[in-house]
Amino acid sequence: MDFGLNKLGKPTHCKKCGTDYVYKSLGVYECPKCGFIEKDDYAKVREYIEENGASSAVAIASATGVTVSEINAMLREGRLEIPNGSGVFIRCETCGAEIRFGRLCPACAAKLSSDFKGYAGPSVGETPSNKDNKMRFIGRDKKR
């Protein structure tokens with residue numbers, strides 16, 4: 001039985017008894033059989049910040065064992081925020097402006113949003129005009 005992490009880095013089975021963990025909240029997992037508690041990387045980082053206050057990604061990584069790249073991914077996902085007044089920020093992926101979390105600054109996000117108005121690419125569906133409840137197939141124009 002694998003007592004490691006799943007593909008998403010989340011604990012799956014109790015290290016002590018092998019029972020499936022139950023997700024409690026904020027990255028904390030508990031074994032319903034023996035009560036063993038396991039934390040994923042997010043919970044480790046969150047706990048460190050709560051106990052020690054805002055710190056550099058390097059200091060957090062050193063103390064928790066979570067890599068700097070994983071911490072940066074949490075910032076990009078908006079799961080963590082750099083506090084106001086910090087001397088170091090991450091950068092907008094489009095224009096390079098300093099941001100506290102996420103991938104884009106508000107200006108680039110607004111521009112991207114306005115650029116997609118009227119977008120009709122392959123991932124945007126079409127409102128049905130024919131409601132005869134028959135399945136249609138692309139490339140078959142004639143009814144059989």
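For the range 1-97, rounded, prolate or oblate, judged on the Cα gyration tensor with a ≥ b ≥ c (square roots of eigenvalues), a/c < 1.5 rounded, else prolate if a/b > b/c?
prolate
Once the Cα-Cα distance is subtracted from the 0.36 nm per residue extended length, the residue 109 to residue 69 segment shows a gain of 12.1 nm.
Shown is the FRET efficiency for residue 20 and residue 77, computed with R0 = 30 Å from the Cβ-Cβ distance and rounded to the nearest 0.05: 0.75.
Here, each number is a calculation from the coordinates, and none is a lab measurement. A quick note: this is a predicted structure, and the numbers were derived from the prediction, not measured. Neighbour counts are summed over all protein chains in view; Cβ atoms, including those assigned to glycine, are modelled from backbone coordinates with ideal geometry.
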